[in-house]
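Each remark here refers to the structure printed beneath this line.
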C-alpha cells in the first residue's frame, strides 16, 4: 500500500471517530457549587432524568458538587475539557462573557417582572455571542435571588460600608479595582470561603442572596442585612459546543426544551424560597436594617455614579443602553390591574 493511500485511510478513520455522534453510554461531566439537596442541584437532576428519557438511557449527567473549586476554576476546567458543562451563578457566567453583567447592574431593576421582560429580549443575542465566540451552548437561565448586603454590624449608607472589609470574588480583578476606585476596602476570596472569612474576621461584609446566606449560614456571623435589592444574581447552565454537537441532532431539540423547563421551574422555586429565607433568618437572630427614603437615595446615587464606570468597560455600551431602554419601556407601558 502506498504512503498516500495509508495516510488517506488514517485520516478517514480519524474523521469517522471524531464525527461519531454518541456512544451507548455517554456521560456528561457537570460541575457546580450547588450542594446535594439544594434547589439548584434538584434542577440538574430533573434535567438529567429528562435527558436519560429522551436518549433511552444513552446520556447521563454526572454531577460534581462543590469539589472542583470555585466558579472561575470550574470554567477553566471546562475549557480544558476536564469537565463538559457547568451550572453557574451570574458571577461565574460573567467570566465567560461580560455581557451577562448587563442583567446584573446595581439597582437597574426594581422587580423580577422588569428583569424577565429585559432578559427575554436580550438573552438570545447573548447566547448567540457565547456560542460564536466561546463555543459554548447556554442550556438554560435561572435565578439565584436578589443580592443584599450582609455585615457584622448595622450599616445604612455606602459611606458606612466603605469602612468595613468587604469580600469580592477572587479571580475578578476588574471588579476589585472598581470597588477600590469607589473607596471600598475589598478582600478578594473564593465564595466557598465566605463563612470562614467571616468567622475569623478576615472580612466583615459580603454581598449575596438571602437564600445563600441561609443555606451557607453566613447570617450567623454577618447578622445584619440591609433591606435593599442591590441587583439580581442570575444562574445558567452551559455545555461545551463540541460535546453538545456530538449528541444526535434529533435529541438536541427535546434536550434543550427539557433544560429550559428545568431552568424555569427552578426560577419560580428560588424566588419563593428567597422570600421565605429572610423571615426564617430573622427568627434565628438576623437583624434587617430598614432604610429611610434619604438613605435609599444615597444608594441609588451610588449606583448611578457606578454606571459611568460600568458602561463600556464591564458591559458593552450598546447592551447597557439597550437594557436601560427596555427597562424604561416596561415601566412606561400601561398595566392592566
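Conditions tested, residue by residue: (1) over 30 Å from residue 188 (Cβ atoms); (2) touching a strand residue (DSSP E or B) at 6+ places or on another chain (Cβ under 7 Å); (3) modelled with pLDDT under 75.
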| position | (1), (2), (3) |
| --- | --- |
| 14 | yes, no, yes |
| 27 | yes, yes, no |
| 35 | no, yes, no |
| 41 | no, yes, no |
| 55 | yes, no, no |
| 65 | no, yes, no |
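Could we say that residue 145 is in contact with a helix residue (DSSP H, G or I) (Cβ under 7 Å, 6 or more places away or on another chain), buried (at least 18 other Cβ atoms within 10 Å of the Cβ) and part of a strand (DSSP E or B) here? It is true that residue 145 is in contact with a helix residue (DSSP H, G or I) (Cβ under 7 Å, 6 or more places away or on another chain), buried (at least 18 other Cβ atoms within 10 Å of the Cβ) and part of a strand (DSSP E or B). If you go through segment 299-337 and pick out every residue that is assigned to a helix (DSSP H, G or I) and either surrounded by 15 or more Cβ atoms within 10 Å (Cβ to Cβ) or on the phi > 0 side of the Ramachandran plot (or both), you end up with 14. Checked against the criteria, residue 211 counts as touching a helix residue (DSSP H, G or I) at 6+ places or on another chain (Cβ under 6 Å), within 23 Å of residue 47 (Cβ to Cβ) and part of a helix (DSSP H, G or I).
For segment 84-101, a tally of residues being touching a helix residue (DSSP H, G or I) at 6+ places or on another chain (Cβ under 6 Å) and farther than 22 Å from residue 212 by Cβ returns 3. Of all residues in segment 214-231, those satisfying the criterion of being touching a helix residue (DSSP H, G or I) at 6+ places or on another chain (Cβ under 9 Å), under 14 Å from residue 287 (Cβ atoms) and in a strand (DSSP E or B) are 225, 226, 227.
Residue check: is residue 93 buried (at least 22 other Cβ atoms within 10 Å of the Cβ), under 14 Å from residue 169 (Cβ atoms) and either touching a residue at least 12 places away in the same chain (Cβ under 8 Å) or in contact with a strand residue (DSSP E or B) (Cβ under 8 Å, 6 or more places away or on another chain) (or both)? It is true that residue 93 is buried (at least 22 other Cβ atoms within 10 Å of the Cβ), under 14 Å from residue 169 (Cβ atoms) and either touching a residue at least 12 places away in the same chain (Cβ under 8 Å) or in contact with a strand residue (DSSP E or B) (Cβ under 8 Å, 6 or more places away or on another chain) (or both). Note on segment 78-119: residues that are under 12 Å from the mean Cα position of the chain (by Cα) and in a strand (DSSP E or B) total 4. Give just the number: which of (1) closer than 29 Å to residue 43 by Cβ; (2) at pLDDT 95 or above; (3) touching a strand residue (DSSP E or B) at 6+ places or on another chain (Cβ under 7 Å); (4) outside any strand (DSSP E or B) does residue 251 not satisfy? The failed condition is (3).
Just one of the listed residues (188, 254, 248) is surrounded by fewer than 19 Cβ atoms within 10 Å (Cβ to Cβ), under 27 Å from residue 77 (Cβ atoms), touching a helix residue (DSSP H, G or I) at 6+ places or on another chain (Cβ under 7 Å) and in contact (Cβ under 8 Å) with a residue 12 or more places away in the chain, namely 188. For segment 265-279, a residue qualifies if it is at pLDDT 95 or above and surrounded by 15 or more Cβ atoms within 10 Å (Cβ to Cβ), and the qualifying residues are 277, 278. Checked against (1) out of contact with any helix residue (DSSP H, G or I) (no Cβ under 6 Å at 6 or more places or on another chain); (2) surrounded by 20 or more Cβ atoms within 10 Å (Cβ to Cβ); (3) part of a helix (DSSP H, G or I), residue 262 passes all but a single condition, namely (1). On inspection, residue 234 passes the criterion of being at pLDDT below 95, touching a helix residue (DSSP H, G or I) at 6+ places or on another chain (Cβ under 9 Å) and either crowded, with 23+ Cβ neighbours inside 10 Å or closer than 22 Å to residue 283 by Cβ (or both).
The values are calculated or read from the model by the stated rules, or taken from the named source; none is laboratory data. Keep in mind the model is a prediction, meaning the values are calculated, not measured. Note that each Cβ is placed from the backbone with ideal geometry, even for glycine, and that neighbours are counted across all protein chains shown.
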